[in-house]
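Notes to accompany the following structure.
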Amino acid sequence: MTNTENVVKCDRNLGSVLGKGSYMKGIVFDIQRFTVHDGPGIRTEIFLKGCPLRCLWCSNPESQKLHRELAFYPLRCIGVDKCQKCIEICPTNSLVVEGGMLQLDREVCTDCLKCAEVCPSGALNVFGRLMTVDEVMAEIMKDLAFYRKSDGGVTISGGDPLVQCEFTLELLQRCREKRLHTCLETEGHARWEKLEVLLPYVDSMLYDIKHMDAKKHEAGTGASNELILDNLKKIASEGIPLILRTPVIPDFNDSEENIRATAEFISTHLKPAVRQFQLLPYHRLASQKYESLGLEYQLKSLRVPKREDIKPLVDIMGSYGLPAIIGASE
């Protein structure tokens, strides 16, 4: 299959208007260097915006929408008595002063982002940056020596990189040209054709199994798990090494019944391809991000599990012969 044919099978929600090849632009919301939890060795991790799921516990709410977004941190404002640049430049009058404090009316705001461009304190910030493939590769190549010494490489994450499939494909192909180890982190909720074109350029995958019950999965994420599990079986049959993950969410998926159902599914359909299974303890560290985006964090009162709460779940997985560990917090 030629590169052109590959691209045709990916969604064109970005590539057709934002360039081709090395000049194609994607929307990146973070680049983390020297990561060690999302694939082997020392890695550079590229986080792309856009996700088809809406997990109630999502630790990166800024990753969900496929566009750049305005974040507002009112406590960072140096004071409207000292600066009103944002108010002066706002074309929709969505920034106002109430009680001496700056307020943002998101119902009026159009995310033009002009206010963030002039804000001197970071009270108004932007989640998401347009970057070309060349620009992302320049960041990746800064740590080439560390990849070689640690058998590390590049992890493309999100959001879900399948949403920006065309951009992800270009990045993976460029990494392959540089002989860099590649890891793709995905939730797998996409047409198989989108995954299929990426797999020839992927050395390993990080993949979530959030719940084995389709209805409960939909209640927690906004979508059924049927497509996700079907894609996972196909990936395993392709021989791609898998690092599987379950974010452990109290009173959602931490029951013995669900963990055993997960272990049985893996043992039946995936086991030869599985290199590791990670149980990721839930945390509430993203609550400030939700506030900055004007979103309500629905799990604010949910208890945070301790490591001793996770250990019995690891033992259950181990009883099925699975290489389970307690991973970094979800």
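Values in this text are rule-based calculations from the coordinates and carry no lab data. All figures in this text were calculated on a predicted structure; none of them were measured in a lab. Neighbour counts run over all protein chains shown; Cβ positions are idealised from the backbone, glycine included.
How big is the Rg/Rh ratio for the chain, C-alpha atoms only, Rh by Kirkwood, two decimals?
Numbers: Rg = 21.0 Å, Rh = 21.2 Å.
Ratio of gyration radius to Kirkwood radius for the chain: 0.99.
Helix 226-237 versus the longest principal axis of the chain: what is the Cα-based angle in degrees, 0 to 90, to the nearest 10?
Compared with the principal axis, the helix lies near 50 degrees.
Cα extents of the range 69-124 along the three principal axes, largest first, in whole Å?
24, 21, 18
Count the DSSP beta bridges whose two residues both fall in the chain, then state the antiparallel fraction as a percent rounded to the nearest 5.
40 percent
For the range 131-158 and the range 192-230, what is the separation of their Cα centres, given in Å?
Value for the Cα centre distance between the two parts: 25 Å.
Output the peptides 40-47, 302-309 sorted from most to least packed, where packing is the average of other Cβ atoms within 10 Å over each peptide's residues.
Listed from highest to lowest mean packing, they are 40-47, 302-309.
Sort 220-233, 104-117 by the packing proxy (mean of other Cβ within 10 Å over each peptide's residues), most packed first.
By packing density, highest mean first, the sequence is 220-233, 104-117.
Compute the distance in nm between two label points, each set 7 Å from the Cα along the Cα-to-Cβ direction, one at A219 and one at L75.
Those two pseudo-labels are separated by 3.4 nm.
Which order do the peptides 139-146, 23-30 come out in when sorted by mean C-beta neighbours inside 10 angstrom, highest first?
Numbers: 139-146: 15.0, 23-30: 20.5.
Peptide ranking by packing, descending: 23-30, 139-146.
Using Cα-Cα distances under 8 Å and only pairs 6 or more residues apart, what relative contact order does the range 69-124 have, in percent? Working shown, then result.
Values: 73 pairs, mean separation 26.8, N = 56.
Relative contact order for the range 69-124 comes out at 48 percent.
Taking the Cα centroid of the range 251-285 and of the range 72-105, what is the distance between the two, rounded to the nearest whole Å?
46 Å
log₁₀ I(q)/I(0) of the range 98-170 at q = 0.22 Å⁻¹, via Debye over equal Cα point scatterers, no solvent, to two decimals?
The Debye formula, applied to the Cα set alone, gives -1.09.
Using only the alpha-carbon atoms, how far is helix 165-177 inclined from the longest principal axis of the chain? Give it as 0 to 90 degrees, nearest 10.
The answer is roughly 60 degrees.
In terms of modelled amide H atoms, which long-range or inter-chain residues lie less than 5 Å from the amide H of V126?
A71
Quick check on my link table: of K65/K142; K25/K194; K194/K306; K49/K210; K49/K142, which ones sit more than 27 Å apart, alpha carbon to alpha carbon?
The answer is K65/K142; K194/K306.
Per-residue ellipticity at 222 nm for the chain, helices alone: DSSP H runs ≥ 4 residues times -39500 (n - 2.57), over residue total, nearest 500 deg cm²/dmol?
Rounded to the nearest 500, it is -8500 deg cm²/dmol.
Rounding to the nearest 10 and keeping the result within 0 to 90°, find how far the Cα-based axis of helix 256-269 lies from the longest principal axis of the chain.
With rounding to tens, the tilt is 60 degrees.
What nm value, rounded to one decimal, do you get for the distance between I31 and W192 when each label is placed 7 Å out toward the C-beta?
3.6 nm
Setting aside same-chain residues fewer than 8 positions from K234, which aspartates and glutamates have a Cα under 20 Å from its Cα?
Qualifying aspartates and glutamates at Cα under 20 Å: D160, E185, E187, E193, E196, D203, D208, D213, E226, E264.
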